[in-house]
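Just below is one structure, and these are the notes that go with it.
The values are calculated or read from the model by the stated rules, or taken from the named source; none is laboratory data. The model shown is predicted, which means the values in this text are computed figures rather than measured ones. Positions of Cβ are backbone-derived with ideal geometry, glycine not excepted, and every protein chain shown enters the neighbour counts.
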Amino acid sequence: MHDKEGQSIYVPRALIALAARANNVIPIDTVHIDVHNLEDLEKNLILAKNLGFEGMLVLHPKEIELVHKYFSPTEEEYKDAVEMLNLFEESQKENKGVAIKDGRFIGPPMVIAAKKIIQRVELIKKKIGSQ
């Protein structure tokens, strides 16, 4: 059993997220077992997102809304990703080699992250549309 704050499993959680990403596997965090403590769930969601997880398993339907809040891209994140990708593609067409958004260089890692956000939003829309 680990400690109430979860500090004893911090390193293993970080290693799981790291290993998953290194192997092109989407890192999904384990369940939060205290299903009635949504405040603690939220703390764990923030930590999980900061550790690099892209989702969390849930035990109870009342947890779903909070999990979606932290792991679904916001409308602003989606718009920024689309704009970033468009700016990068324009820079490539104009042979500029670089694009800049809000004073920040847009390089390959940012383009990959933007594409992932766009893909995630499209997947969510597709899933919602099929229900």
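Details
- Scope region 27-57; condition of a type outside the set (A, V, I, L, M, F, W, C), surrounded by 13 or more Cβ atoms within 10 Å (Cβ to Cβ) and not in a loop (DSSP other than H, G, I, E, B); matching residues: Asp29, Asp40, Glu42, Lys43, Asn44, Lys49, Gly55
- Residue within region 92-99 that is in contact with a Leu (Cβ under 7 Å, 6 or more places away or on another chain), surrounded by 15 or more Cβ atoms within 10 Å (Cβ to Cβ) and either under 20 Å from Ile9 (Cβ atoms) or at pLDDT below 95 (or both) present: yes
- Residue pairs whose Cβ atoms lie under 6 Å apart, sitting 6 or more positions apart in sequence or on different chains, and linking a residue in region 7-23 that is within 17 Å of Leu57 (Cα to Cα) to a partner that is surrounded by 13 or more Cβ atoms within 10 Å (Cβ to Cβ), are Arg13/Leu51; Ala14/Leu51; Ala17/Pro27; Ala17/Leu51; Ala17/Gly52; Ala17/Phe53; Ala20/Pro27.
- Pairs meeting the criteria (first residue in region 44-62 and within 12 Å of His32 (Cα to Cα), second residue small (Gly, Ala, Ser), beta carbons under 6 Å, at least 6 apart or on different chains) are Met56/Ala48.
- Output for region 100-127, where each listed residue is loosely packed, with under 10 Cβ neighbours inside 10 Å and under 17 Å from Gly55 (Cα atoms): Lys127
- Subset of region 89-131 (residues that are of a type in the set (Lys, Arg) and outside any helix (DSSP H, G or I)): Lys96, Lys101, Arg104
- Residue check: Glu75 meets all listed conditions (1) at pLDDT 90 or above; (2) within 20 Å of Ala17 (Cα to Cα) but one, namely (2).
- Filtered residue count, region 66-80, keeping only those that are in contact (Cβ under 8 Å) with a residue 40 or more places away in the chain and either part of a helix (DSSP H, G or I) or among the hydrophobic types (A, V, I, L, M, F, W, C) (or both): 2
- Given (1) under 19 Å from Ala114 (Cβ atoms); (2) touching a helix residue (DSSP H, G or I) at 6+ places or on another chain (Cβ under 8 Å); (3) not in a helix (DSSP H, G or I), index of the condition Asn24 fails: (2)
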